1. In the list ILE85, ILE126, ILE147, which residue meets the criterion of being at pLDDT below 95 and not acidic (Asp, Glu)?
2. Which one of ARG98, ARG117, ARG74 is charged (D, E, K, R), modelled with pLDDT under 95 and closer than 17 Å to THR175 by Cβ?
3. Cβ-Cβ under 9 Å, sequence separation 6+ or interchain: first residue in the stretch 142-165 and within 25 Å of ASP128 (Cβ to Cβ), partner hydroxyl-bearing (Ser, Thr, Tyr) and surrounded by fewer than 22 Cβ atoms within 10 Å (Cβ to Cβ). Which pairs?
4. Inspect the stretch 38-56 for any residue being basic (Lys, Arg) and over 20 Å from LEU195 (Cα atoms) and give the result as yes or no.
5. Which one of ARG98, ARG74 is on the phi < 0 side of the Ramachandran plot, without any contact (Cβ under 8 Å) to a residue 60 or more places away in the chain and outside any strand (DSSP E or B)?
6. Within the stretch 175-191, take every residue that is aliphatic (A, V, I, L, M) and farther than 13 Å from MET81 by Cβ and give me the one that is modelled with the lowest pLDDT.
7. Checking the conditions here, which among ALA152, ALA194 is out of contact with any Cys (no Cβ under 8 Å at 6 or more places or on another chain), at pLDDT 95 or above and of a type in the set (A, V, I, L, M)?
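The values are calculated or read from the model by the stated rules, or taken from the named source; none is laboratory data. Owing to the predicted nature of the structure, the values given are computational and were not obtained by experimental measurement. Here Cβ is always computed from backbone atoms with ideal geometry, including for glycine, and neighbour counts include all displayed protein chains.
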Amino acid sequence: MSGVPQERSFRILSLNLPTSSQSPACPANPANPESERRLVGLAPVFDSRARLLVLGSFPGAASLQAAQYYAHPRNAFWPLMAALIGEVDLATRPYAERLQALRQHRVALWDAVAACRREGSLDTAIEDVEPSDLKELVARLPGLRVIGCNGALAHHQALAALGEPGLPVLRLPSTSPAHAGMRLADKIEAWRGALARYLA
């Protein structure tokens, strides 16, 4: 199957989100300082050949504003993925090319929370959670070998949503700039040690 997914509808609860290689299906909502506006996350990025699903919690304010996964310049996600999949210049490429590289390396990307209310960007401020339909996405990935959760909230939400998925659901060190106590090199080694075997 081609690395470029065909356009198709993807239903998450009451939302219709098409899979996308470049942009989310729903317009990003800026973070409301009083948490009065409900925030809607980004569409999943995947094709059916994916072996690894990287699951975040919910996009930060910078990501919602840019309509891009991990858009905060100090988030370690893109440099970390560059090391994991062996694409050295991944973090400096245009966003659409980064997503295409993930798909080519059989990596899918989504968040565990589909919508919520939140002041700022911290996971600890997330409330009124609407979970993503992870079971539906997993059902579309017949070759999936592992789910790698980017931080504690993603891991908690994944276990709650999936129950016994029949494959490893791993908690990995968060790439968020709020978790700067761990060096990037150490995060890379932790992610590589946990996930490299599933991408081989």
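1. Matching residue, one of ILE85, ILE126, ILE147: ILE126.
2. Numbers: ARG98 fails: modelled with pLDDT under 95; ARG117 fails: closer than 17 Å to THR175 by Cβ.
Of the residues listed, the single one that is charged (D, E, K, R), modelled with pLDDT under 95 and closer than 17 Å to THR175 by Cβ is ARG74.
3. Partner pairs satisfying both residue conditions: ASN150/SER176; GLY151/SER176; LEU153/THR124.
4. Yes: the stretch 38-56 contains one or more residues that are basic (Lys, Arg) and over 20 Å from LEU195 (Cα atoms).
5. Of ARG98, ARG74, the one residue that is on the phi < 0 side of the Ramachandran plot, without any contact (Cβ under 8 Å) to a residue 60 or more places away in the chain and outside any strand (DSSP E or B) is ARG98.
6. So the first thing to find is which residues in the stretch 175-191 are aliphatic (A, V, I, L, M), and the list is 178, 180, 182, 184-185, 188, 190.
Of the ones still in play, those that are also farther than 13 Å from MET81 by Cβ are 178, 180, 182, 185, 190.
Working: ALA178: 84, ALA180: 78, MET182: 92, ALA185: 96, ALA190: 97.
Applying the filter and picking the extreme gives ALA180.
7. Details: ALA152 fails: at pLDDT 95 or above.
Among ALA152, ALA194, only ALA194 is out of contact with any Cys (no Cβ under 8 Å at 6 or more places or on another chain), at pLDDT 95 or above and of a type in the set (A, V, I, L, M).
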